Amino acid sequence: MITHDIIITTYNSYRYLDNIYEFVFNNIKKYSRIIIVDDCSENKFLAILKSRLMPFKSIIFLETKANLGPSAARNLGIKFSNAEYISFHDPDDYVCKERFDIISFYIKNFKPKILFHDFTTHQLKVEFNNKYKIHSGFIYLFKSLYVTPAFTCKRVLLEEIGGYDENIRYAEDLDLYIKLKTLHNFFFINQKLVRISNKEERTQNNNHLSSNLNLM
């Protein structure tokens with residue numbers, strides 16, 4: 001049986017408490033473990049989050065000792081996981097209910113080391129097409145094809161390259177993908193399985209660590 005953990009990072013994500021709850025409710029029986037890593041949020045937020053998720057006994061809660069950024073938070077989750085595959089989720093992401101089953105199908109049948117699927121900033125509508133590509137060669141720096149909520153990777157690969165660079169506060173995901181791309185091709189599913197925040201939403205949410213595109 002293939003084990004598959006998902007890591008959710010939070011930081012004072014008050015406006016997305018309902019979304020976090022909905023994601024956990026819909027996925028608690030699908031993933032091997034749901035690991036929530038909080039990046040030193042206010043005590044009030046942590047209390048509300050843990051209270052909302054109290055019915056889900058199998059959730060793993062981890063907390064950083066200081067606000068260190070998403071790289072450190074994700075690395076803490078990676079170190080705790082012992083699953084074969086790891087995926088990631090942010091509180092402001094919205095995923096289709098079929099995503100886990102679609103990813104699991106490709107993992108089981110193709111055994112990719114690094115898997116991405118497509119994403120959208122508009123209304124999420126899943127259309128099954130059974131199309132995929134193998135991405136080799138370059139990574140486009142100014143037109144992102146890859147986002148963290150659409151990323152699944154073998155845990156041992158993340159450990160081998162040392163995880164995310166904790167010294168980088170912006171575009172840390174791109175840095176990780178470049179390191180991985182020098183070693184392996186990317187298996188890419190041509191289906192939009194997650195909706196991420198658009199530019200306007202990122203600007204409105206000051207707590208979103210990807211909001212400053214100029215620094216990225």
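Among what's in the stretch 9-30 and is closer than 22 Å to Y106 by Cα and touching a helix residue (DSSP H, G or I) at 6+ places or on another chain (Cβ under 7 Å), pick the residue that is surrounded by the most Cβ atoms within 10 Å (Cβ to Cβ).
N27
Return only the number of the condition from (1) outside any helix (DSSP H, G or I); (2) under 26 Å from I36 (Cβ atoms) that G137 does not satisfy.
(2)
Within the bounds of the stretch 26-39, is there any residue that is in contact with a Gly (Cβ under 8 Å, 6 or more places away or on another chain) and assigned to a loop (DSSP other than H, G, I, E, B)?
Checking the stretch 26-39: at least one residue is in contact with a Gly (Cβ under 8 Å, 6 or more places away or on another chain) and assigned to a loop (DSSP other than H, G, I, E, B).
Could you tell me which residue of the stretch 146-156 is farthest from I86 (Cα to Cα), considering only residues that are open to solvent by 40 Å² or more (accessible area, probe 1.4 Å) and part of a helix (DSSP H, G or I)?
V156
If a residue must be surrounded by 10 or more Cβ atoms within 10 Å (Cβ to Cβ) and more than 14 Å from L180 (Cβ to Cβ), how many such residues does the stretch 135-145 contain?
Qualifying residue count for the region: 1.
Here are P91, P112: which of them is in a loop (DSSP other than H, G, I, E, B), open to solvent by less than 20 Å² (accessible area, probe 1.4 Å) and either among the hydrophobic types (A, V, I, L, M, F, W, C) or closer than 24 Å to H184 by Cβ (or both)?
Of the residues listed, the single one that is in a loop (DSSP other than H, G, I, E, B), open to solvent by less than 20 Å² (accessible area, probe 1.4 Å) and either among the hydrophobic types (A, V, I, L, M, F, W, C) or closer than 24 Å to H184 by Cβ (or both) is P112.
Just one of E127, E166, E159 is in contact (Cβ under 8 Å) with a residue 60 or more places away in the chain, assigned to a helix (DSSP H, G or I), among the acidic types (D, E) and out of contact with any His (no Cβ under 7 Å at 6 or more places or on another chain); which is it?
Exactly one of E127, E166, E159 is in contact (Cβ under 8 Å) with a residue 60 or more places away in the chain, assigned to a helix (DSSP H, G or I), among the acidic types (D, E) and out of contact with any His (no Cβ under 7 Å at 6 or more places or on another chain), namely E159.
Quick one: how many residues across the stretch 8-29 are farther than 17 Å from A72 by Cβ, in contact with a strand residue (DSSP E or B) (Cβ under 8 Å, 6 or more places away or on another chain) and among the hydrophobic types (A, V, I, L, M, F, W, C)?
4
Hey, could you check the stretch 58-98 for residues that are modelled with pLDDT of 95 or more and among the basic types (K, R) and say which is farthest from A150 (Cα to Cα)?
Selected residue: K79.
Please find, among A83, A66, the residue that is among the aliphatic types (A, V, I, L, M), in contact (Cβ under 8 Å) with a residue 12 or more places away in the chain, closer than 30 Å to I189 by Cα and in a loop (DSSP other than H, G, I, E, B).
Answer to the selection: A83.
Among the residues of the stretch 46-57, is there at least one that is within 30 Å of N130 (Cβ to Cβ), at pLDDT below 95 and either of a type in the set (F, W, Y) or surrounded by fewer than 22 Cβ atoms within 10 Å (Cβ to Cβ) (or both)?
Looking for residues that are within 30 Å of N130 (Cβ to Cβ), at pLDDT below 95 and either of a type in the set (F, W, Y) or surrounded by fewer than 22 Cβ atoms within 10 Å (Cβ to Cβ) (or both), one finds none in the stretch 46-57, hence no.
The values are calculated or read from the model by the stated rules, or taken from the named source; none is laboratory data. Keep in mind that what you see is a predicted model, and the values were worked out from it rather than measured. Note that we place each Cβ from the backbone using ideal geometry, even for glycine, and neighbour counts take in every protein chain shown. In case anyone asks, the SASA skips ligands and DNA or RNA and just uses the protein heavy atoms, side chains included. Shrake-Rupley method; radii C 1.70, N 1.55, O 1.52, S 1.80 Å.
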